[in-house]
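Shown next, in structure tokens, is the structure this report addresses.
Read-outs throughout are calculated quantities, based only on the coordinates presented, and are distinct from any laboratory measurement. Since this is a predicted model, take the numbers as computed values, not measurements. Cβ atoms come from the backbone with ideal geometry, glycine included; neighbour counts cover every protein chain shown.
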Amino acid sequence: MSAITRDEVSHLARLSRLALGDDELDHLAAQLDQIISAVARVQEVAAEDIPPTSHALPLTNVYRADEVRPCLTPEQALAGAPATEGQRFRVPRILDEEA
Amino acid sequence: MDLVKKGATELGELLAAGEASAVEVAEAHLDRIAAVDGQVKAFLHVDREATLAQARKVDERRAAGERLGPLAGVPIAHKDVFTTTDMPTTAGSKILEGWRPPYDATVTARLREAGLVILGKTNMDEFAMGSSTENSAYFTSRNPWDLERIPGGSSGGSSAAVAAYEAPLSTGTDTGGSIRQPAAVTGLVGMKPTYGGSSRYGVIAFASSLDTPGPFARSVLDAALLHEAFSGHDPMDSTSVSEAVPPVVEAARRADVNGLRVGVVKEFAGEGYQPGVTARFDETVELLESLGAKVVEVSCPHFTYALPAYYLIAPSECSSNLARFDAMRYGLRIGDDGSRSAEEVMALTRAEGFGPEVKRRIMLGTYALSSGYYDAYYGKAQQVRTLIKRDFEAAFEQVDVLVSPTTPTTAFPIGERADDPVAMYLADLCTIPANLTGNAAISVPCGLADGLPVGLQIMAPVLGDDRVYRVGAAVERALEDRWGGPLLAQAPELVEAK
């Protein structure tokens, strides 16, 4: 039995904002199935009552001082933008403008 | 005087004594790059004039009487994952082709302050995901020991550059072994500092709880000098540790293991390990004993689950980190013809701009984090992470350092594992535990198997970075006595193009 179906892979591509073609989805489905079967080994470990570790260091709530300091100029911030308009990033339409 | 064969410590001394100028040293390395990089393919970007301008500035600072550090005027190859305002930064990806960052990474800024001369940016697996540089969107770097083999990865351009004498030093980042594995397979020293010991600010993120910048060099002392030059607390990185940098240079000079307790990780041996790798490792363990170390076998039962746990944790973190490549503020944008929505442009751009391994990991991470699977995959992997931490803690109650082979095999041929992700992942089998727990770990050369370099991995507790330098330097000294020089001197000479 496969660990992941072709439909699930297609759904994951949508969630990941990756516009993949059928060939690429087929190829990825087989590979993801193989990888997920391999990593599922973590489920063999008896880990009941074991707390999770999300980070190597036990740091919590690290704040910087609330001081004004220099930041990028608008020109610097926009320098790598694919498209700009005035001092703003120009983006494709976000909302449906049909109505 | 063959400047390119000299290590960083010696170059620094020559420069300080006025016996060579930074410009002369930079020129020698730029000439070497011009002569061999067509074969080695370590660099994504080299700018001769800009490099010489940096070198001139260091010579001027020295002439003006400025007190400079031990590496001032020494050239360095810089992994293309660190942002640089004066050079493109791509992370090996098409999605960032030609991008000029608006700010320098902290590591970059500290290299500049220390007077290191940045020769260029080195090739890498796309977004540091891989063990061979075959996942670079640009080209595959070559192993100077055998140009048909991989130089390791993800920092494979950085290992190739130093092993080919194109640079005496280079930078890397290590998320699952991306410094130690390339160092091992090219006969170099490669160090993963304690997590948080070196700044992630300006390092293009892969897995934020694991990513750690570190040095490559041809000797343990050279690596320690570079480690010291760019490490230490950074207020721009909220996971940066506030403790002082451990005394790594002093430890590398001390180079003794007398009375030190060394633990051999029982789980990292047997099936899957190349016989030559096992033989060199066993000989090095005997050597440590003969040098006065107390060697015992230590069991870390959960280390065998580190690899599957890592391949859930790292992809999960990458799937959220790489969401920032949305085609809106910088980088590639595809299909913005006025008819498509932002979301469609985003999906087209990401499909076009990311390579196969990056897509695999984003989707794997999205899967592991999705509701219904989270507990069985990501949650379970985090529990395994706790168990691995406990294994380390128990081991370090008995011993001062742990040792293992750095990689199960020597450098494999280019193409051999390119379309078999699970086989490729095995390259990181022994290096991953130290990433999951943030421990310091180094790889030092310990001999050849079938004519190719083998690495010894030495692991220490968090903030025990000095210990691995001390042991690494002792092993290096004893082995170089035996070999009559560094292991790299046994590599075949590259034919220089005219």
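Considering the options B:SER231, B:VAL495, B:VAL117, tell which one lies farthest towards the positive end of the dipole of chain B, charges being +1 on Lys and Arg and -1 on Asp and Glu at the Cβ, about the Cα centre.
The Cα lying farthest towards the positive end belongs to B:SER231.
If packing is taken as the mean number of other Cβ atoms within 10 Å per residue, what is the order of B:466-473, A:48-55, highest first?
Numbers: B:466-473: 27.5, A:48-55: 12.5.
The most tightly packed comes first, giving B:466-473, A:48-55.
Please grab the % of Cα pairs in chain B that end up more than 36 Å from each other.
On the way: 29904 of 123753 pairs.
Percent of Cα pairs beyond 36 Å in chain B: 24.
Express in nm, to one decimal, how much length is gained between B:ALA16 and B:ASP86 on full extension, taking 0.36 nm for each residue of separation and deducting their alpha carbon distance.
22.5 nm
Setting aside same-chain residues fewer than 8 positions from B:LYS6, which aspartates and glutamates have a Cα under 17 Å from its Cα?
B:GLU19, B:GLU24, B:GLU27, B:ASP31, B:GLU166, B:ASP222, B:GLU476, B:GLU480, B:GLU493
Any lysines with Cα under 28 Å of the B:LYS94 Cα? List them, leaving off those in the same chain fewer than 8 positions away.
Partners within reach: B:LYS41, B:LYS79, B:LYS121, B:LYS192, B:LYS359.
With a 10 Å Cβ neighbour count serving as the proxy for reagent exposure, in which order, fewest first, do B:ARG360, B:ARG261 appear?
Numbers: B:ARG360 20, B:ARG261 15.
The fewest-first ordering by Cβ neighbours comes to B:ARG261, B:ARG360.
Give me Rg over Rh for chain A, both radii from the alpha carbons and Rh done the Kirkwood way, two decimal places.
On the way: Rg = 22.7 Å, Rh = 19.8 Å.
Rounded to two decimals, Rg over Rh is 1.15.
Compute the Kirkwood hydrodynamic radius of the stretch B:81-201, taking the inverse of the mean of 1/r over all pairs of distinct Cα atoms, and give it in Å to one decimal.
Details: mean 1/r = 0.0700 Å⁻¹.
Hydrodynamic radius (Kirkwood, Cα pairs) of the stretch B:81-201 is 14.3 Å.
Can you pull the mean other chain C-beta count within 10 Å for peptide A:29-36?
On the way: counts 1, 0, 10, 5, 0, 3, 12, 7.
So the per-residue partner count for this stretch is 5.
If packing is taken as the average count of other Cβ atoms within 10 Å, what order do A:4-15, B:418-429 fall into, highest mean first?
On the way: A:4-15: 16.8, B:418-429: 19.3.
With the highest mean Cβ count within 10 Å placed first, the list reads B:418-429, A:4-15.
Roughly speaking, what is the centre-to-centre gap between the stretch A:42-99 and the stretch B:383-422 when only Cα atoms are used, to the nearest Å?
Each part reduced to its Cα centre gives a spacing of 31 Å.
Report the Cα centroid-to-centroid distance between the stretch B:179-245 and the stretch B:305-378 in angstrom, as an integer.
Here the answer is 26 Å between Cα centres.
So if the hydrodynamic radius of the stretch B:226-300 is defined as the Kirkwood radius over C-alpha pairs, what does Stokes-Einstein give as its diffusion coefficient at 37 °C and 0.692 mPa s, in µm² per second?
On the way: Rh = 15.5 Å.
Here the translational diffusion coefficient equals 211 µm²/s.
What would the Debye equation give as log₁₀ I(q)/I(0) for the stretch B:446-489 at q = 0.16, 0.22, 0.30 Å⁻¹, counting only Cα atoms as equal point scatterers?
-0.49, -0.78, -1.07
Note down the Stokes-Einstein diffusion coefficient of the protein assembly as shown in µm²/s, whole number, using a Kirkwood radius over alpha carbon pairs, 37 °C, and 0.692 mPa s. Could you put the intermediate results ahead of the total?
Numbers: Rh = 24.3 Å.
Reported coefficient: 135 µm²/s.
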